[in-house]
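Asker: Mind looking over this structure? Questions follow.
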């Protein structure tokens, strides 16, 4: 502090060299909680200083650096360079279980591909949300297949190579059929009630879903 | 989000040039009031970057400027140069006045760390009040270290990164006069010959106070 | 040596006597006997390593004596120290008794000297430390720190078993379709979630959760109940995903929600 006083006294005779003034502006802009006007800078700096000129030098010095000297209204401030904004975020990766809706949709696509949205809805018995499909697309577990050559030419969905990778499958044909699921105890072994469309093998409803049926033939 | 992924993927092939990495470190340090660890910087910068190296360059670049790049323990920070403090009087926040007892206790912890309460009392010749330790803990200048493996397993105190940051120290090794004190044997915990009426009960554990000496070995 | 010191303490100057008296008055200002000893030792004007402990012991004992004359209450530790220093003094003055156990007077004196030197060293270190440039006083941190945005990236996983069980679930549900006949007045959470996902983009301001009920479900109490429950559950789910914020000012007050800006999911 006493140093500051000395400096001030000195400066009655001579202003500090421009390089020194630049340092001062730099420190003031760095530490201030808000942009600082040239007037205020001059008031804080030793007598005889020319903050306006020092700022010109300072701004030039920071050109192309990670930090920029910018003018905000009548005042000056330092800010991180705009292109480095991505550094100002901390990413945390969280692993979550896929929702039941997404798993079911994914399973239907895997077992019935290529399959249209309407077909998925028919099999699931509920409408398929846009979000679910988008999520699976974004995860790159499904992609669009060929359009179905039926009225409206609906898009179809198929599973991707990433999907096979993730589940350790060589091809979608490797997915166990219902019989095997039942044998493995994954399906309740219950005789299908007469009138109901019995949850037989996937082939049962394959009629209109060309392409996919042969997938599950052994 | 996907941008980050792209960047990461790209960078598997090539990290950004060192000049660019330096800019990134500059932006990160500049934006933070607290010291940032090299590890955190690396985590925020694109894959393949070497913050530690970039920081060496950056520190050099800021040599003699109004703002300095300084090392604080394992972390780095940007701080205004010490000689320009007089410009910042307006920003000064009155630091809480520390009692003489608190200052002495702090110094003893810094120079003798890790140190137990009994050892502090032995050095000062009086008991350490709870409030003193609490105040230092609250200021985050000291924290608990490992327990001493002696009867009663007393807790030890060590200084923190905040302490280093506050006093502009790169590490506890840079404490003023540390070498001389060590050379003079004044940091040894010398057991009193026979029983002494004064030193509290520090004798009990004086033997195995190896901690602090190894801390300061180079 | 002991002789000359004795002389010295007798020929105590007026100034020293005044100093000693001021010490007495100030007794509360000392932080214990060691602090007092350190202060007394300064009157010797020598390097602490060359201090005469015998002289110091005499000074201390004289101090305690004076305090007694002035009927000053001395804390117990000062008296304990006095007793110990009296013992030390006798050890230092008398020729060592080979039959006596324990450390010699010299060893005890050396340790006391060490303690004084160490305390002084720590005080010097403390003042050097406090004389350093300090953060927020002499040097400064960034005045406008920028916020670090915390981005939560969520990756979803599923196992083959999940997939197969999911498929099995659908197929077995087909078998029991008759039992889900009453579903027409049930609004599922998934439906609500889908509906909300489409709507929350517009929920910049706080809006009552009830405004999100699907059209046509507000009047029939049964449907309304189901839709409300599903919508509420869906908003919890969205809040968990970080997409919206929920608030309720008090119990049974309307529940309000709005979208969260930085929620990248």
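FYI, it's all coordinate maths here, none of it is from the lab. This one's a predicted model, so the numbers in the text were calculated from it and none came from an experiment. Note that we place each Cβ from the backbone using ideal geometry, even for glycine, and neighbour counts take in every protein chain shown.
Asker: For region A:16-81, what is the Kirkwood hydrodynamic radius in Å, using each pair of distinct C-alpha atoms?
Answerer: Values: mean 1/r = 0.0863 Å⁻¹.
Evaluated on region A:16-81, it is 11.6 Å.
Asker: If you don't mind, there's one more thing I want to ask. Distance in nm between label sites at residue B:127 and residue C:199, each 7 Å beyond Cα in the beta-carbon direction?
Answerer: 6.6 nm
Asker: Related question: As a test of the definition: which semi-axes, in Å, follow for region B:51-156 when you take the square root of five times each eigenvalue of its alpha carbon gyration tensor? Largest first, please.
Answerer: 35, 20, 10
Asker: Same structure, new question: Provide an ascending nm list, one decimal, of label-point separations from residue B:143 to the equivalent residue in each further copy; define each label point as 7 Å from Cα along Cα→Cβ.
Answerer: Result for residue B:143, in nm, nearest copy first: 4.9.
Asker: Run the label-point distances for residue A:126 please: 7 Å along Cα to Cβ, every other copy, nanometres, shortest first.
Answerer: Copy-to-copy label distances for residue A:126: 7.2 nm.
Asker: A follow-up question, please. If you average the sequence gap of Cα pairs under 8 Å that are 6 or more apart and divide by the length of region A:46-191, what percent do you get for the contact order?
Answerer: The normalised contact order for region A:46-191 reaches 14 percent.
Asker: Considering only the label points, 7 Å along Cα→Cβ from Cα, what distances in nm to one decimal separate residue A:88 from the same position in each other copy, shortest first?
Answerer: Residue A:88 label point versus its equivalents elsewhere: 2.1 nm.
Asker: Could you check the simple spin-label distance between residue C:75 and residue C:132, using points 7 Å along Cα→Cβ, in nm with one decimal?
Answerer: Calculated label separation equals 3.0 nm.
Asker: Taking only the C-alpha atoms, wrap a convex hull around region B:98-204 and report its volume per residue in Å³ as a whole number.
Answerer: 109 Å³
Asker: Could you pull the Rg and Dmax for region C:54-163, using just the Cα atoms, both in Å?
Answerer: 30.8, 95
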